[in-house]
Amino acid sequence: MGLGGCYSCIKYVMFAFNLIFWLVGCALLGVGIWALVDKTFSDKFDNPELSSFLQTMAIAMCVVGGIIMLVGFCGCCGAIKESQCMLTIFFIFLTIFFVALVGVGIWGLVNKESLQDLISDSLAASIAKYDTDGAAKTYMDGIQSSFSCCGNKRGILDYVFAGSNPTTAGCTIETADMPCSTEIFKAFEDNLVMVAAITIGVGVVMLLGMIFSMMLCCAIRDSQAV
């Protein structure tokens, strides 16, 4: 016996939601594979630790993208085929994602200072090789231009202490005393509210997906019992 009334509406909303979910998984998987295959991507960051971190993030994107595709598939099939088994799998995965999202959010708040240290180490390594390495020069010039800053922690003095020529550092009079590590982290903090809003939005969507999947499971069970 098929579902009727509002449950039929929830069924198709669930299908549309999970189709979007599946497409997001495809996008994450695609970007992750591109970042791993395109060697010039990690080479743009003149720091082995940062490059390794970005490669790890790319692998994580591939794994998460693949899982999201699987979850979206289970949700789509579970909704359209009225399968309790697939809807239960969808609910379990969504619960795990929700807990992971909360965990990552807490970890990010607790360890945000380590991110600033990682940025600072990357800048310091590039400044030390600014006059001798074209990749380091391109990296620093791009950072300094994008964030209207100079050097690492001490502005133009970072080039002086590193033995690089400060006159070719690409800094201006206005940015000479504006350290890049500070400006980058400030930009990160300025966008923290937006990131938090997006995270909360994703969390709400996950909760709705969990609620709808359980409602459908109960409705399917009741319809089969009739």
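The values are calculated or read from the model by the stated rules, or taken from the named source; none is laboratory data. Just so you know, these numbers come straight off a predicted model, no measurement behind them. Glycine gets a Cβ as well: all are built from the backbone with ideal geometry, and neighbour counts include every protein chain shown. Protein only, heavy atoms only, side chains kept; ligands, DNA and RNA dropped before computing areas. Shrake-Rupley method; radii C 1.70, N 1.55, O 1.52, S 1.80 Å.
So which of 200, 220 is of a type in the set (Val, Ile, Thr), under 30 Å from residue 74 (Cα atoms), open to solvent by 50 Å² or more (accessible area, probe 1.4 Å) and not in a loop (DSSP other than H, G, I, E, B)?
Sole residue among the options that is of a type in the set (Val, Ile, Thr), under 30 Å from residue 74 (Cα atoms), open to solvent by 50 Å² or more (accessible area, probe 1.4 Å) and not in a loop (DSSP other than H, G, I, E, B): 200.
Might you let me know whether region 31-41 holds any residue that is in contact with a Ser or Thr (Cβ under 7 Å, 6 or more places away or on another chain), open to solvent by less than 70 Å² (accessible area, probe 1.4 Å) and modelled with pLDDT under 75?
Within region 31-41, none of the residues are in contact with a Ser or Thr (Cβ under 7 Å, 6 or more places away or on another chain), open to solvent by less than 70 Å² (accessible area, probe 1.4 Å) and modelled with pLDDT under 75.
Tell me whether region 198-208 contains one or more residues that are under 25 Å from the mean Cα position of the chain (by Cα) and small (Gly, Ala, Ser).
yes
Suppose we keep only residues that are surrounded by 15 or more Cβ atoms within 10 Å (Cβ to Cβ) and farther than 25 Å from residue 140 by Cα within region 42-63. Which one would you say is modelled with the lowest pLDDT?
By that ranking, first place goes to 61.
Residue pairs, Cβ under 6 Å, 6 or more apart or interchain, first in region 126-141 and under 11 Å from residue 159 (Cβ atoms), second open to solvent by 40 Å² or more (accessible area, probe 1.4 Å). List them.
That search, which allows pairs on different chains as well, returns 127/162; 128/162; 130/137; 131/165.
For the subset of region 179-191 comprising residues that are in a helix (DSSP H, G or I) and free of Cβ contacts under 8 Å to residues at least 40 places away in the same chain, which member is least open to solvent (accessible area, probe 1.4 Å)?
By that ranking, first place goes to 183.
Suppose we keep only residues that are more than 30 Å from residue 165 (Cα to Cα) and aromatic (Phe, Trp, Tyr) within region 87-132. Which one would you say is surrounded by the most Cβ atoms within 10 Å (Cβ to Cβ)?
90
What is the one condition in (1) open to solvent by 60 Å² or more (accessible area, probe 1.4 Å); (2) more than 20 Å from residue 54 (Cα to Cα); (3) touching a helix residue (DSSP H, G or I) at 6+ places or on another chain (Cβ under 9 Å) that residue 194 does not satisfy?
The one condition residue 194 does not meet is (3).
Where residues in region 143-178 are in a helix (DSSP H, G or I), of a type in the set (A, V, I, L, M, F, W, C) and within 19 Å of residue 119 (Cα to Cα), which of them is modelled with the highest pLDDT?
Checked region 143-178; the qualifying residue modelled with the highest pLDDT is 157.
Any residue in region 153-171 that is farther than 11 Å from residue 140 by Cβ sitting within a Cβ distance under 6 Å of a residue that is open to solvent by less than 50 Å² (accessible area, probe 1.4 Å) and in a loop (DSSP other than H, G, I, E, B)? List the pairs, counting only those 6 or more apart or interchain.
155/176; 156/171; 156/176; 166/156
Within region 158-173, restricting attention to residues that are out of contact with any Pro (no Cβ under 6 Å at 6 or more places or on another chain) and among the aliphatic types (A, V, I, L, M), which residue is least open to solvent (accessible area, probe 1.4 Å)?
169
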